[in-house]
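Single-structure report; data block below.
The values are calculated or read from the model by the stated rules, or taken from the named source; none is laboratory data. Computed from a predicted structure; not experimentally measured. All Cβ positions, even for glycine, are placed from backbone atoms using ideal geometry, and neighbour counts span all protein chains on display.
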Amino acid sequence: MDDKSFLEKLGGYSKDRKTGVEGLTLAGLLMFGTGQAIRERFDNVFMDYRNESQVTADIRWNDRITYDGTWENNLFNFFTKVTPKLTEDLKKPFKLEGGVQRIDDTPIHKAVREGFVNMIIHADYLMDAGVLKVIKRFDSFEFTNPGILKLPLEEIYRGGNSKSRNPHMQTMLRLVGFGDNAGSGFPTILDVWKSEGWIKPELIEDTNLDQVTLVMKMEKESDDNSAEKSAKSAENSADLKNREGMALSERHQQILAIMEAGIEYSTEQVAEKIGLKGPRTRQLLNELVNKELLVCIGTTKRRRYIKV
């Protein structure tokens, strides 16, 4: 196909049948447009990758990809430039396909790419301000995008439902081999991290900043010797011990202790009682939802939590 036909098939170019007006879709512009054209239409969108694997007091990052004039700043270029840097240090077991060709891809590589794809396809590019931020540390990956979650956390962790904010971008990436469909992407990440025995990846929604961060720590659960190993001081610790795989921090216990079963609590109410700021409290509440100790109801800005 020629470029125009190819873009039409991808959903990057379209024609309004009523008016006859045709041109790039917003998805096509963001994915493949020139940096100048993108910034003229989306002056709020900013892309930033930082490698903080070996930071010191004098070194803030070891490597960075951002707007520096050396590359065309569209999403596809950002993805293809950053992805190899994210995965270059991951272990590659010696394995041959057909006895001839070495396989350098592993489930961990795929899970990291999936986290990157999720950031792109779920970002809200029409917000007043937003940063697509990717941070690589020696033991974790962080993907932050503007926008709030379109589904409740428990549904996202359960999988099976897909509600992409940018379906054309999802199609574009999937057709070149990146990203799953039908709500299987995030469960894929969870399954891979579980198979490695690593801490469960966290989705952190910050409604104050209107952004979502996925944190993927390559840290063994058994290596955590912090207060999360102790749940003895909570009022209901005897009951919690009977729940499979339960490990609660002192903050988790504190939240459960101040909440009464069947009563709805907002993030602000809980934050005031335990003396923490809203974003950190919301993170703790969502962790308890993931552990099935709380139930989350309501829309994002009117979200309430109920003790099970």
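Given the condition at pLDDT below 90 and crowded, with 21+ Cβ neighbours inside 10 Å, answer yes or no: does some residue in the stretch 100-112 qualify? The answer is no, given that none of the residues of the stretch 100-112 is at pLDDT below 90 and crowded, with 21+ Cβ neighbours inside 10 Å. Residues in the stretch 152-161 include none that are under 28 Å from Ile65 (Cα atoms) and of a type outside the set (Lys, Arg). Here Trp61, Trp71 are screened, and the one residue that is within 27 Å of Phe141 (Cβ to Cβ) and at pLDDT below 90 is Trp61. Among the residues of the stretch 297-308, just one is of a type outside the set (D, E, K, R) and surrounded by 17 or more Cβ atoms within 10 Å (Cβ to Cβ), namely Tyr305.
Screening Gln254, Gln269 for residues that are among the polar types (S, T, N, Q), surrounded by fewer than 20 Cβ atoms within 10 Å (Cβ to Cβ), part of a helix (DSSP H, G or I) and in contact with a helix residue (DSSP H, G or I) (Cβ under 8 Å, 6 or more places away or on another chain) leaves exactly one candidate, Gln254.
Taking residues in the stretch 176-190 that are closer than 19 Å to Thr83 by Cβ, and partners anywhere that are outside any loop (DSSP other than H, G, I, E, B) and at pLDDT below 85, the pairs with Cβ atoms closer than 7 Å and at least 6 places apart or on different chains are Gly179/Gly185; Phe186/Ile156. The number of residues in the stretch 101-154 that are part of a strand (DSSP E or B) and in contact (Cβ under 8 Å) with a residue 12 or more places away in the chain comes to 15.
Just one of the listed residues (Thr171, Thr188, Thr207) is in contact with a Pro (Cβ under 9 Å, 6 or more places away or on another chain) and more than 19 Å from Thr106 (Cα to Cα), namely Thr207. Among the residues making up the stretch 207-245, those that are aliphatic (A, V, I, L, M) and modelled with pLDDT of 50 or more are Leu209, Val212, Leu214, Val215, Met216, Met218. Here the stretch 272-308 is the region considered, the condition is being assigned to a loop (DSSP other than H, G, I, E, B) and closer than 18 Å to Glu155 by Cβ, and the residue that is modelled with the lowest pLDDT is Thr299.
Residue by residue, here is whether (1) part of a loop (DSSP other than H, G, I, E, B); (2) crowded, with 16+ Cβ neighbours inside 10 Å; (3) at pLDDT below 85 holds:
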{"position": "Ile156", "(1), (2), (3)": "no, yes, yes"}
{"position": "Met169", "(1), (2), (3)": "no, yes, no"}
{"position": "Asp180", "(1), (2), (3)": "yes, yes, yes"}
{"position": "Val192", "(1), (2), (3)": "no, yes, no"}
{"position": "Glu205", "(1), (2), (3)": "no, yes, no"}
